[in-house]
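Presented below is the structure to which this report refers.
Since every read-out is calculated from the coordinates, none of them should be taken as a lab result. These figures come from a predicted structure and were not determined experimentally. Here the Cβ positions follow ideal geometry from the backbone for every residue, glycine too, while neighbour counts run over all protein chains shown.
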């Protein structure tokens, strides 16, 4: 795929994986719509995307579902279509299920699952009309197996796999690509911003996250997957990939492993 001039919308583009994706595709000459809640950080990212054909900032909150449809309609009115939608925004969790008030289970699901679904459905009619488009959704290795301190987060990410696997089958004949990207530990601020016990931010960097893969690797993998028309890719370290293998082929052993696995 030649990304020059392609209109790519990236949610959660103010830092981490989203920022890396924006910078990577800017270098390919894409037209970027970088979305998020933090205007100052989005402006910083924009300044680092000077090779892009254009960069537009979109203030967007995935928790405000009704507003997502209005924002999408406005974008389609201005740009006619979006070539690539990259669903990256979300919030993580660092709390045992017993320590997380139910209102924050709902918050995580509302953002990570329902917000992502709402934004996708807002842009889907335009892609169907044009018979083209790519939908990329950043899930997690936790979307394939649950770990301690990620109960609501794992539920939301598992839900994304179900929704987008079904959607992929539905839109295959409409020439729409649906790609799931499953990162493991990536060196971002995800653990700092994660919801902790009681509902407050954890505020600290996990050791595993701090030692994780650089976000740029995710951006490179996405480009490769789009070019090869892949359906799902993993961008993870050896331990996370071993967990995936054990979950599939030796679930009883995996169950014992996950109880002791360091997940922070």
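Considering all different alpha carbon pairs of region 90-151, the Kirkwood hydrodynamic radius works out to 13.5 Å. Based on DSSP H segments of at least four residues, each scored -39500 (n - 2.57), the chain has a per-residue ellipticity at 222 nm of -14000 deg cm²/dmol.
Beta bridges per DSSP, both residues in region 1-136: antiparallel share near 0 percent. Overall, the ratio between the Cα radius of gyration of region 165-215 and 2.2 N^0.38 Å, rounded to two decimals, is 1.71. Note that region 96-238 shows a convex hull volume over its alpha carbon atoms of 110 Å³ per residue. Considering only the Cα atoms of the chain, their convex hull presents on average a projected area of 13.3 nm². Against the longest alpha carbon principal axis of the chain, how many degrees, from 0 to 90 and to the nearest 10, is the axis of helix 16-26 turned? Result, in degrees: 30. Taking packing as the residue-averaged number of other Cβ atoms within 10 angstrom, the listed peptides 48-56, 247-255, 173-181 run from highest to lowest as 173-181, 48-56, 247-255. Beta bridges per DSSP, both residues in the chain: antiparallel share near 5 percent. Taking only the C-alpha atoms of region 1-116, the Rg (one decimal) and the largest Cα-Cα distance, Dmax (whole number), read 15.2, 49 Å. Within region 61-189, DSSP assigns beta bridges of which about 0% are antiparallel (rounded to the nearest 5). Two decimals is fine: what is log10 I(q)/I(0) at q = 0.30, 0.33 Å⁻¹ for region 189-230, from a Debye sum with one equal scatterer on every Cα and no solvent? Computed log10 I(q)/I(0) values: -0.94, -1.02. Note on residue 4 and residue 261: their simple-model spin labels are 4.4 nm apart, each label 7 Å out from Cα toward Cβ.
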